Amino acid sequence: MPKSIRCTQPPLKFIPHHFNPFILQIFRWLLPIVLRFRTRPWLPAGIVQVEGENVETLAKLYQQFQAGKIRFLIAFRHPEVEDPLCMLYLLSYILPRVARQQDIQLRSPLHSYFLYDRGMTIWAGDWLGWLFSRVGGVPIRRGRRLDRKAIQTARDLFSHGQMPIAVAPEGGNNGHSGVVSPLEPGVAQLGFWCVEDLEKAQGDQTVFIVPVAIQYSYVQPPWSRLDWLLSKLEADSGLGVVEQGSNHQLEVYYQRICCLAEYLITQMEEFYRRFYHRDIPKTNSVDESTTRNQMIISRLHHLMDTALQVAEEYFGVTPQGNFIDRCRRLEEAGWNYIYRDDIADIHGLPPFQRGLADWVACEADLKMQHMRIVETFVAVTANYIQEKPTPERLAETALLMFDLLSRIQESTLPGRPSLGFRKATITVGEPISVTERWQKSQGDRPATRQAVSQLTKDLQNALQTMIDYTV
């Protein structure tokens, strides 16, 4: 049984930003150590190398920003939880070095404000909110409800702040270095708002959005650690350990992952069929052209839809949008049951009312686990491994299955095992002019909505193209 919340909680209040250059500098000094030893100090793990591509473009943008000529937002990919640390390394170490090499004069601090998920402080602790507020962070609550305070703060910082702002337009990490999840339109909308605010203030600065791709690779193929992880997953799931021996062929690992995926899906289907009374067919009817991968993904998507339905029925949420949209709405609905804005003083409640509130919070947290399972697999596709059968993609898929078992067992997340030393490659794309698009659509609300949608699509294509090029 997963560890769950046992009682109702105070509201998740907005954490104001209190940027402190001294705290930022201390964090920068510690950053290489944090990257190297963030997970397991006694294992050959961590990020030991961060490389930057086309960083000169970013240096020139900072130079123009500091000269008061432009405003820009850094839209970075978010495949892993280490992404913000790697972005900080880019701005703290790589960017100043490239600027010196290119004789580009820049002032300190070379940094950015950034948005982060308010929910991070739930699993990491309140200390993280304290730290993020002092290094430029603005918390935002994902989901259906509009987080006006966070959005207004981000808008003000984008338009008038002393530094650029960085946002992950995917809204959350998907565990795939090679797949960009559907982007949320908030980044494009922030860009248009910034142009409007500058126009009202009679400013002549040009607004840009800069796509930045982040990808990870292992310094050495982690065959032995991957074999250990698959053996652990096979044993923990009850499938039985497959003897690997010394054969490290990609096909062998791929077949083990497929067998484990089929077994876990079968077990979860039976779980929902028996205990939640869901009508899940025991065999999928597919035509002869359907591959094994396609059948697995078809069953997985049906299972994900079933899991979300269980949570949506409990919270009274109408299914709308794709899997990611549905997860966001369920997260907000669950938080409304747990972190009670409608209770002024939790400790002042009569014991009976407090007991009811605790009951609701505990049950809501358990129902949210259905959503968390789906959230783990939103980016999984039928051909992700087959199209590029690399150790990285095998490891990513195995780690997602580890997340599933961890959520169902007593383990807490994030607690992933490390499979080996990794390298992060950060690629800076060509800036996209928001001002130019705004000028073509101003005064026409439908045209503006269309322009925001098109900018989101173009940003998505830019990020995916950069990833496809560097893989």
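Before moving on, here are some points about what is shown:
- Relative to the longest principal axis of the Cα atoms of the chain, the long axis of helix 323-338 makes an angle of roughly 90 degrees.
- Sulfur and carbon atoms: percent of accessible area, the chain [1.4 Å]: 53
- Listed peptides 93-105, 324-336, 355-367 by packing density, highest first (mean Cβ within 10 Å): 324-336, 355-367, 93-105
- Residue (of I346, Q255, L300) at the positive-pole extreme of the stretch 222-410, dipole from beta-carbon charges: Q255
- Unit charges on C-beta of K, R, D, E only; dipole of the stretch 153-204, Debye: 120
- Peptides 452-462, 264-274, ordered by how many other C-beta atoms sit within 10 Å of their residues on average, highest first, read 452-462, 264-274.
- Here the contact order of the chain, divided by its residue count and restricted to Cα pairs under 8 Å and six or more residues apart, works out to 30 percent.
- Under 29 Å, Cα to Cα: Lys pairs in the chain, sequence gap 8 or more or different chains: 28
- In the chain, the DSSP beta bridges split such that about 30 percent are antiparallel, to the nearest 5.
- Estimated [θ] at 222 nm from DSSP helical runs (n ≥ 4, -39500 (n - 2.57)) normalised by residues in the chain, nearest 500: -17000 deg cm²/dmol
- Three principal axis extents describe the C-alpha atoms of the stretch 314-365; from largest down they are 41, 18, 14 Å.
- Cα-based helix-to-principal-axis angle, 223-237 vs the chain, degrees rounded to 10: 50
- Among V55, L404, P391 the positive-end extreme of the charge dipole of the chain (Cβ point charges): V55
- Given the alternatives (i) 64, 62, 47; (ii) 69, 50, 43; (iii) 75, 45, 39, Cα extents along the principal axes in Å as computed for this entry is given by (i).
- For the stretch 161-240, taking Cα atoms only, Rg and Dmax work out to 21.4, 68 Å respectively.
- Around the amide H of K423, modelled in the peptide plane, lie the amide H atoms of S217, Y218, V219, all under 5 Å away and 5 or more residues distant in sequence or on another chain.
- Using the 1.4 Å probe convention, the accessible area of the chain works out to 47 Å² per residue with neighbouring protein chains retained.
- Once you divide the Cα radius of gyration of the stretch 222-410 by 2.2 N^0.38 Å, the number left is 1.21.
The values are calculated or read from the model by the stated rules, or taken from the named source; none is laboratory data. Keep in mind the model is a prediction, meaning the values are calculated, not measured. Cβ sites come from the backbone with ideal geometry, for glycine too, and all protein chains shown count toward neighbours. The accessibility values were calculated without ligands, DNA or RNA, using every heavy atom of the protein model including side chains. Shrake-Rupley method; radii C 1.70, N 1.55, O 1.52, S 1.80 Å.
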